[in-house]
Structure formats: structure tokens, C-alpha cells
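Here is the structure we will look at, set down as C-alpha cells.
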Amino acid sequence: QVQLVESGGSLVQAGGSLRLSCAASGRTFSNYAMGWFRQAPGKEREFVGAISWNGGNTYYADSLKDRFTLSRDNSKNTVYLQMNILKPEDTAVYYCAAGRTYHSGTNYNDYVAWGQGTQVTVSS
């Protein structure tokens, strides 16, 4: 069983940057991919990005790939989401998720464990 804890969410002005972290425990971290999703008020949870077990492959939502970057440090059991040039429409609760295997995709069902989420608010 995997436990995930996100951190780094905050209130930031438009154009600013944030780095979210997700610390994992309970399962060998390098055995699975990690993903990030977000959910804005009144909207469905949407895929942000995913990173393979060793960081060698990353995938992003098309609308975010120029501003968001995923990375992971397997020695620290942590995955990071660097968000730049933030916009008010990026306001959401951001969730990290543990994949079923070494690579995971955009589908919610590709993931077997979720963190509690961290709030990101971007003011205009």
C-alpha cells in the first residue's frame, strides 16, 4: 500500500511559479510511475502529467506542457511538479497519484493510490 503526501500549494500571483512535492511511502518508489491531476471547483479531475519509474519518460496535458515540468528523486521517494507562468485558470487542488506499474498514462484508472491534495490558488 502506498501513502502519498503532497505539499507546496499556496496562493501566488499570476505569472509566478510554484513547485509541488509529493512524498511517497509504503512501496518501493522506483517500481512505479507517478502522476499529477488537478480539480478545480465545479469541474472534473483532470490529468496534468505523469513520469515513469526512473524519470526517463514524462507526459503532459497538451495545454500544460510548455509551463509544467515533472521530475522525481527516487533516493528521496519524492516527485515534483514545477509550475511556471501560472494563470488564474490553474487554480485547483492538485493531487499526486501512484501508478500501477512502471509507466502510467492519462487515465484516472491507471493509478492505485492518491494523496489528499494541495491547494494552488493563482490570483489575477
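Read-outs throughout are calculated quantities, based only on the coordinates presented, and are distinct from any laboratory measurement. What you see is a predicted model, and the numbers here were worked out from it, not measured in a lab. Virtual Cβ from ideal backbone geometry, glycine too; neighbours counted across all protein chains shown.
Computed quantities for the displayed model
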{"item": "Hypothetical label at Arg67: residues of segment 6-25 whose amide nitrogen lies under 13 Å (7 Å Cα-Cβ projection)", "result": "12-18"}
{"item": "Computed log₁₀ I(q)/I(0) - Debye formula, equal Cα scatterers, no solvent, the chain, q 0.10, 0.13, 0.20 Å⁻¹", "result": "-0.26, -0.44, -1.06"}
{"item": "Segment 2-45 versus segment 91-114: alpha-carbon centroid distance in Å", "result": "10"}
{"item": "Qualifying GluC sites (Glu not before Pro) in segment 17-93, DSSP loop, other Cβ atoms within 10 Å at most 13", "result": "Glu44"}
{"item": "Shape parameters for segment 31-89, alpha-carbon atoms, Rg then Dmax in Å", "result": "12.1, 37"}
{"item": "In sequence order, calculated HN-Hα J values of segment 73-78 (Karplus, 6.51, -1.76, 1.60; Hz; x Gly/Pro)", "result": "10, 5, 6, 10, 6, 9"}
